[in-house]
Amino acid sequence: MTSSPAPESSSDPARLDPARLDPARRDLAQLLLPVIRWTPERGFSDARPLIDEALALGVGGFQLVGGEQDGVRALAKELQLKSKHPLLIAAELERGAGQQFAGATGLPPVAAITALGDVEALRRAARLTAREARTMGVNWNLAPVCDLDLVIENPLIGTRALGHDARSVAPLVTAWIEACQAEGVLACAKHFPGLGRAMHDGHVSRPVVDTPADQLKELDLHPFRAAIGAGVASVMASHVCYPALDPSRVPASQSREMLQWLLRQQLKYDNLIVSDALTMTAALGEGGEPAHAAVQALRGGCDLLLDPGPLEAALAALTAAFHDGTLDPERVRQSVRRRLKWAQWASPPNDWRRPSGADTAWGALLADRVLRIEHGPVPPMGAITEVAVVDDDDEVPERRPDRTGIVEAMRLAGNDARIVSAPTPASGGPFVIAVFADYVPRKGRHTLLPRTAEAVQQLVAQAEALQRSVVLVGLGDPRFVAQLNMAVPTIGSWSGDRVMQQAAGRHLVKAKR
C-alpha cells in the first residue's frame with residue numbers, strides 16, 4: 001500500500017511568504033518606501049509593527065521623520081542588517097540634518113544661504129548635511145528644492161527655494177547636488193516639473209498650474225535640466241496638474257506625458273523617479289486611496305512610491321495591476337534595477353568622511369551670518385529681557401519646533417531672558433516680540449492671520465505705555481513679518497527652527513551698549 005504524501009506544514013516559509021510564490025509581488029515590494037515616524041513620547045516604538053511588516057515584505061527603503069541622532073543610527077543599521085537587499089534610507093534634510101534629527105546640525109533655509117551670494121557656503125552646507133546623514137545611516141536626502149520662488153501666493157515654497165530667477169538658480173542646484181553626492185548620499189531634485197506656481201497646498205487639495213507650456217519649459221524646467229546635468233540620482237514628481245503639459249489633467253506623479261515623454265525622452269533622464277507622498281490629498285483625488293494612487297504613479301513612470309499607505313493594500317493593488325496588464329512588466333523590471341543600482345552605490349558604510357568639529361561650528365556661524373537686520377540697529381538688552389511669543393503657525397502643530405530656543409540662547413550668554421505674555425515693569429529694557437510665521441504644510445495661506453497682527457499691535461501698545469522700545473524677531477519667511485509694516489528694529493531669522501531661534505537670541509545679547 002502506497003502512503004499518501006504528508007501535508008505541507010503551515011509553518012513552511014514558502015507557504016507563508018506570497019513573494020516566494022509570486023516573483024512579481026517580490027519585485028513590486030522593492031518599489032515601496034514607507035515612512036517611519038518618531039514621537040517624543042515613544043520614539044520609534046509605535047512604528048515597530050510597520051517596520052516588521054515592511055521588512056517581511058521586502059520593501060526597498062524607508063523615509064525617516066524625526067528622531068534622535070543615536071537612535072536613528074541604531075535603527076538604520078538594524079534595517080539594513082535585517083533587509084534582504086541594500087536599502088535606501090531617506091530623510092528630508094533641506095535645512096541640515098538637524099531639521100529632522102535632534103543632536104545633528106541644523107542649518108538656515110537655502111534662500112537665506114543664497115542671499116549671502118556665497119556659492120561656497122551652499123556647497124559646504126550640502127556637504128555637511130550629507131556627512132552627518134551618512135554617520136546616521138541615511139543615504140538619501142530628499143533635497144534640493146528645484147522649484148522657483150515665483151509667486152508669493154504659493155503656500156509651500158518660500159525660503160525652501162534657491163531663488164526666483166531660473167538662470168541664477170541653475171548653477172546653485174548644480175553646486176548643491178555635486179557637493180551632496182560627492183559624500184555618498186543621493187540627492188533628489190524636487191518637485192518636477194516645478195511647484196513654484198502652485199497656488200494651493202497639495203496636502204489639502206490638488207493644485208492646477210495653467211501656465212503655457214513654453215513658459216514652463218523655458219523657466220520652471222531650467223533648474224531640473226541643471227540637476228540632470230549634474231547627475232542627480234533622483235527626481236521627485238509633484239502631485240500638481242499641468243494641463244499645458246498633459247491635457248488629461250492627471251498630476252505629474254501619474255502622468256506618462258510628463259514622466260516618460262518629457263522627463264525620460266526629452267530631458268534624457270535615466271535615474272530614479274520617486275513620487276511625492278502618496279497619502280497627500282493631491283495624490284488621491286476625490287475619494288481615492290493610496291493603493292490606487294500607487295498603481296497610477298508606477299504606471300505613469302515613477303520608479304519608487306513614497307508613503308504608499310497601508311503596505312499590504314498597496315502591494316496587493318500593484319500585484320493585481322501587474323497581472324492584469326495595467327503595469328508593463330519591463331517597466332517594473334527597469335524600476336527594480338534602478339533602485340538596486342543606487343542602493344548599492346550608497347551602501348559602502350565606512351569609506352566616507354565624517355563631519356569634523358570645525359564643520360559643525362561653521363554651521364552655527366552660518367546661522368549668525370544670514371540674519372537680516374532691518375530698521376536697526378538693535379538696541380542693547382536690559383539685564384532682564386522679556387520675550388513674548390506670537391505664533392501664526394499654531395494651527396499646524398505636527399513637527400513644530402519648540403518656541404524656547406531664543407530665550408535659552410540668551411540665558412546661555414548670561415542674560416535673564418523670560419517668556420512672558422505681556423510686558424511688565426520687571427524690565428526697563430527693550431521688549432522682544434518673537435513672531436513665528438512661515439510657509440508650512442497644511443497651513444494653506446501666505447498671509448498673517450488678523451489675530452496675529454492684532455496681538456503684535458497690542459503688545460507694542462503695552463510696551464509703549466511702559467515707555468519701552470520694541471524689537472521684532474521674525475521667525476519664518478521674511479515676507480510674513482514684513483506684513484506687519486512696523487518701523488521698529490527687526491531681526492529676520494528666515495525660519496522658526498531651533499538653530500535660527502538661537503542665532504536670533506545670540507544677536508540680541510550681542511547688541512552694543
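Given the conditions (1) surrounded by fewer than 24 Cβ atoms within 10 Å (Cβ to Cβ); (2) over 22 Å from Val235 (Cβ atoms), and given that Glu132 satisfies all but one, which numbered condition is not satisfied? Single failed check for Glu132: (1). The lone criterion from (1) in a strand (DSSP E or B); (2) over 30 Å from Ala343 (Cα atoms) left unmet by Val235 is number (2).
The strands (runs of 3 or more DSSP E) located wholly in the stretch 1-95 that include 1 or more residues which are farther than 22 Å from Arg339 by Cβ and at pLDDT 95 or above occupy 35-37.
Which of the residues that make up the stretch 273-320 are modelled with pLDDT of 95 or more, small (Gly, Ala, Ser) and touching a Lys or Arg at 6+ places or on another chain (Cβ under 7 Å)? Scanning the stretch 273-320 gives Gly300, Gly301.
Against the conditions (1) at pLDDT 95 or above; (2) surrounded by 14 or more Cβ atoms within 10 Å (Cβ to Cβ); (3) in a loop (DSSP other than H, G, I, E, B), Met410 satisfies every one except (3). In the condition set (1) out of contact with any His (no Cβ under 6 Å at 6 or more places or on another chain); (2) part of a loop (DSSP other than H, G, I, E, B); (3) of a type in the set (Val, Ile, Thr), Thr129 is compliant with all but (2). For Gly106, the stated conditions hold: it is assigned to a loop (DSSP other than H, G, I, E, B) and surrounded by 24 or more Cβ atoms within 10 Å (Cβ to Cβ).
Tell me, yes or no, whether the stretch 88-95 has at least one residue that is touching a residue at least 40 places away in the same chain (Cβ under 8 Å), out of contact with any strand residue (DSSP E or B) (no Cβ under 6 Å at 6 or more places or on another chain) and among the acidic types (Asp, Glu). Taking every residue of the stretch 88-95 in turn, at least one turns out to be touching a residue at least 40 places away in the same chain (Cβ under 8 Å), out of contact with any strand residue (DSSP E or B) (no Cβ under 6 Å at 6 or more places or on another chain) and among the acidic types (Asp, Glu). So for the stretch 110-118 (the condition being in a loop (DSSP other than H, G, I, E, B) and without any contact (Cβ under 8 Å) to a residue 12 or more places away in the chain), does at least one residue qualify? Yes - at least one qualifying residue is present in the stretch 110-118. Is it the case that Ala233 is surrounded by 20 or more Cβ atoms within 10 Å (Cβ to Cβ), touching a residue at least 60 places away in the same chain (Cβ under 8 Å) and more than 23 Å from Val440 (Cα to Cα)? It is true that Ala233 is surrounded by 20 or more Cβ atoms within 10 Å (Cβ to Cβ), touching a residue at least 60 places away in the same chain (Cβ under 8 Å) and more than 23 Å from Val440 (Cα to Cα).
At least 3 residues being surrounded by fewer than 19 Cβ atoms within 10 Å (Cβ to Cβ) and not basic (Lys, Arg) is the threshold, and among the helices (runs of 4 or more DSSP H) wholly inside the stretch 242-343 those reaching it are 311-323.
Can you name every residue in the stretch 490-513 that is outside any helix (DSSP H, G or I), of a type outside the set (Val, Ile, Thr) and crowded, with 21+ Cβ neighbours inside 10 Å?
Correct list: Gly492, Ser493, Trp494, Ser495, Gly496, Asp497.
The values are calculated or read from the model by the stated rules, or taken from the named source; none is laboratory data. Here the structure is a predicted model, which is why all the values come from computation and not from measurement. Every residue, glycine as well, gets a Cβ built from its backbone with ideal geometry; the counts of neighbours run over all protein chains shown.
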